[in-house]
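The values are calculated or read from the model by the stated rules, or taken from the named source; none is laboratory data. If you're wondering where the values come from, they're calculated on a predicted model, not measured in any experiment. Cβ atoms come from the backbone with ideal geometry, glycine included; neighbour counts cover every protein chain shown. For accessibility, only protein heavy atoms count, side chains too; no ligands or nucleic acids. Shrake-Rupley method; radii C 1.70, N 1.55, O 1.52, S 1.80 Å.
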Amino acid sequence: MDIEAKLKELLHGIDEEIDVDAITLESNLMDDIGMSSVALLYMSVALEDEFGIDFNEIDMKETKTAGDIVALIERKLQQG
């Protein structure tokens, strides 16, 4: 499963104006991608549904970049 590709697909579903082709693992979710706090909430719910994992408030506060999200998902999937 390509987590980065799925993340981009979900982000595009949340906001069609997001240029997913320009997103890299280093892209800051708010500064570079332009996500609002509401969009981040929608993203976390979509990711929970997609991957069957739970995010808590601390998880979301620690994620600043697309790479942070990918690493968090990988870690949670490994924890089972």
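Key figures for this structure:
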read-out	value
Neighbourhood charge, 13 Å Cβ-Cβ cut-off, centred on Glu26 and excluding it, Lys, Arg +1 and Asp, Glu -1	-3
Approximate shape of region 1-42 as ellipsoid semi-axes (Cα gyration tensor, √5λ), whole Å, largest first	15, 12, 10
Amide H within-cut-off set for Thr65, under 5 Å, with H built and near neighbours excluded	Leu29
Rounded tilt (10° steps) of 66-79 against the dominant C-alpha axis of the chain	20
Descending principal axes extents, the chain, alpha-carbon based, whole Å	33, 25, 21
Per residue solvent-accessible surface (Å²) - the chain, probe of 1.4 Å	63
Share of carbon and sulfur in the accessible heavy-atom surface of the chain [1.4 Å probe, %]	47
Helix 3-14 axis, angle to the chain major axis (alpha carbon atoms, nearest 10°)	60
Mean ellipticity per residue at 222 nm, deg cm²/dmol - from DSSP H runs of n ≥ 4 across the chain, formula -39500 (n - 2.57)	-18000 deg cm²/dmol
Taking the chain and dividing mean pair separation by its residue count, relative contact order in percent (alpha carbons under 8 Å, at least six apart)	34
